[in-house]
Amino acid sequence: MGRIIAAGIAAGVALFIWGAVEHMMTPIGEMGITGHPHEAMLLPAIQQTTPQPGLYMFPSLDRSKSPTKEDEQAYIEKFKSGPHGILILGPTGDDPMPPSRLAKELFANVLTAIVAAFLLAKFATGLGGFVSGGIMTFLIGWMSISVPSWNWYDFPAPFVLAELIDQLASGAIVGLVVGLMLRRKRT
């Protein structure tokens, strides 16, 4: 068990490094993301009308009460006439990349890789099996999160494609590191 956890920690660190390389040295981290052409006009309106950080969907249907058929029809018409989307607002005053976010990312990467290492140790054989198992494991996450976001919330296709590329590379990296560290035990 200790070898599996150690392999997961090493793979998580490799995953964290890949994330840095991907976002700072490749275009993958920016695919499907654009700045709003009227940001100077939009930001003051958001500041004045949106009092707290959160995840906002627009148009929205008031679910605090049971919507009537008229409420539902009005929502459908607003949705069709547009615009529709999701707005995520973070707290003001934060730095774009504080050490706490990097620490959370590293923790999440290590935890993810440890879980993957336990799965791979149970089912994978040979280095190719570890790599392909890592890819399949990460592909499950992409299919269950990114594809529905593309389908239901209109995430841009280039963004979803970038997430696919990231998850395939991430799975291969985790599988490779775990496989290299655990394969001696299986021979």
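The values are calculated or read from the model by the stated rules, or taken from the named source; none is laboratory data. None of the values given here were measured: they were computed from a predicted structure. Because the Cβ atoms are built from the backbone with ideal geometry, glycine has one as well, and the counts that use them run over all protein chains shown. To get the accessible areas, we keep the full protein, side chains included, count just its heavy atoms, and leave off ligands, DNA and RNA. Shrake-Rupley method; radii C 1.70, N 1.55, O 1.52, S 1.80 Å.
Worth pointing out:
- Test: residue 69 is basic (Lys, Arg), open to solvent by 80 Å² or more (accessible area, probe 1.4 Å) and modelled with pLDDT of 95 or more: no
- Residue list for the range 79-129, restricted to those being surrounded by 13 or more Cβ atoms within 10 Å (Cβ to Cβ) and free of Cβ contacts under 8 Å to residues at least 12 places away in the same chain: 102, 108
- Residue in the range 50-66 that is least open to solvent (accessible area, probe 1.4 Å), counting only those that are under 28 Å from the mean Cα position of the chain (by Cα) and polar (S, T, N, Q): 50
- Within the range 80-115, the residues that satisfy the criterion of being part of a loop (DSSP other than H, G, I, E, B) and either of a type in the set (Val, Ile, Thr) or under 30 Å from residue 5 (Cβ atoms) (or both) are 92, 97, 98.
- Residue match in the range 128-137 (condition: farther than 18 Å from residue 15 by Cα and not in a helix (DSSP H, G or I)): no
- Some residue of the range 121-128 being aromatic (Phe, Trp, Tyr), under 26 Å from the mean Cα position of the chain (by Cα) and over 20 Å from residue 140 (Cβ atoms): no
- Matching option when the condition is more than 14 Å from the chain's Cα centre (by Cα) and over 21 Å from residue 58 (Cβ atoms), among 99, 83: 99
- Residue tally, condition open to solvent by 60 Å² or more (accessible area, probe 1.4 Å) and more than 30 Å from residue 180 (Cα to Cα), over the range 130-150: 1
- Failed item, numbered, when residue 77 is tested on (1) under 30 Å from residue 8 (Cα atoms); (2) part of a helix (DSSP H, G or I): (1)
- Filter result (surrounded by 15 or more Cβ atoms within 10 Å (Cβ to Cβ) and either over 30 Å from residue 116 (Cβ atoms) or among the β-branched types (Val, Ile, Thr) (or both)) within the range 27-49: 28
- Among the residues of the range 151-175, those identified as touching a Leu at 6+ places or on another chain (Cβ under 9 Å) and either surrounded by fewer than 17 Cβ atoms within 10 Å (Cβ to Cβ) or not polar (S, T, N, Q) (or both) are 164, 168, 171, 173, 174, 175.
- Residue among 6, 14, 10 that is surrounded by fewer than 17 Cβ atoms within 10 Å (Cβ to Cβ) and on the phi < 0 side of the Ramachandran plot: 6
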